[in-house]
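Read the structure below first, then the notes.
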Amino acid sequence: MEDEAALKSGAMKPLTVLGIGNRLMEDDGIGNYVVKELRDRESFPMLRLEEGETDTEFCLDVLEETERIILIDAAHTGNLPGTVSVFQMDDEFFRGVAEAAMAHNYSILQAMKTYGCERAGLLIGIEAASVNCRIGLSEVMKEKFPRIVDVVAGHIENYLL
């Protein structure tokens, strides 16, 4: 693959896969768990895989070092728990992101827009079953986790083509 050769040669900044969410809030941390599993499986050795959690400053630093990004996060779209939704991040996508928000609602997408770090790529949302103050995934998500990781990996592979 042409992009893979460019990545390995250093001619192109890496595509980064960034998991975000709060592991202390049950399924909200799903993005981090998926990225960790992809790393453990050694699924994409040519990509940078990072667990950004809720550390906006770290995530912005990661964005400074990449041209394209795949964000993986919990979603609340009304779909069944474990449903994986994919959104293309482009100029139109970022036009819909609010310019300002209250601190407790501030998302990485808003930070990207605020600090001029919008990047082309994908937002992969995974429908959460439960977001409560509890470490670890809900039982529903634990059961669906292997399939979720496979589906996310498939979306990443398709994006790389």
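Descriptive notes on the structure:
- Restricting region 19-47 to residues that are in contact (Cβ under 8 Å) with a residue 12 or more places away in the chain and among the charged types (D, E, K, R), the residue that is nearest to C133 (Cα to Cα) is E26.
- Once region 126-149 is narrowed to residues that are among the basic types (K, R) and assigned to a helix (DSSP H, G or I), the residue that is surrounded by the most Cβ atoms within 10 Å (Cβ to Cβ) is K144.
- Qualifying residue in region 65-72 (condition: touching a residue at least 40 places away in the same chain (Cβ under 8 Å), within 18 Å of E26 (Cβ to Cβ), polar (S, T, N, Q) and buried (at least 16 other Cβ atoms within 10 Å of the Cβ)): no
- Complete set of residues in region 22-51 that are of a type in the set (S, T, N, Q) and assigned to a loop (DSSP other than H, G, I, E, B): N22, S43
- Residues in region 27-78 that are among the charged types (D, E, K, R) and farther than 17 Å from R147 by Cα: D28, R48, E50, E51, E53, D55, E57, D61, E64, E65, E67, R68.
- Selected residue (only one of F58, F87 is farther than 20 Å from G136 by Cβ, free of Cβ contacts under 8 Å to residues at least 60 places away in the same chain and assigned to a helix (DSSP H, G or I)): F58
- Single match in L109, L123 (criterion: at pLDDT below 95 and either farther than 20 Å from G52 by Cα or part of a helix (DSSP H, G or I) (or both)): L109
- Checklist (1) without any contact (Cβ under 8 Å) to a residue 40 or more places away in the chain; (2) among the charged types (D, E, K, R); (3) over 20 Å from L38 (Cβ atoms) applied to E50, failing item: (3)
- Pairs meeting the criteria (first residue in region 118-132 and farther than 19 Å from L63 by Cα, second residue surrounded by fewer than 22 Cβ atoms within 10 Å (Cβ to Cβ) and among the polar types (S, T, N, Q), beta carbons under 7 Å, at least 6 apart or on different chains) are E127/T77; E127/N79; E127/T83; A129/S138; S130/S138.
- Residue count for region 24-40, restricted to those that are surrounded by fewer than 20 Cβ atoms within 10 Å (Cβ to Cβ) and either within 13 Å of I124 (Cα to Cα) or at pLDDT below 95 (or both): 2.
The values are calculated or read from the model by the stated rules, or taken from the named source; none is laboratory data. Remember, predicted model here, so these are calculated numbers, not experimental data. In this analysis, Cβ positions are derived from the backbone assuming ideal geometry, glycine residues included, and neighbour counts consider all displayed protein chains.
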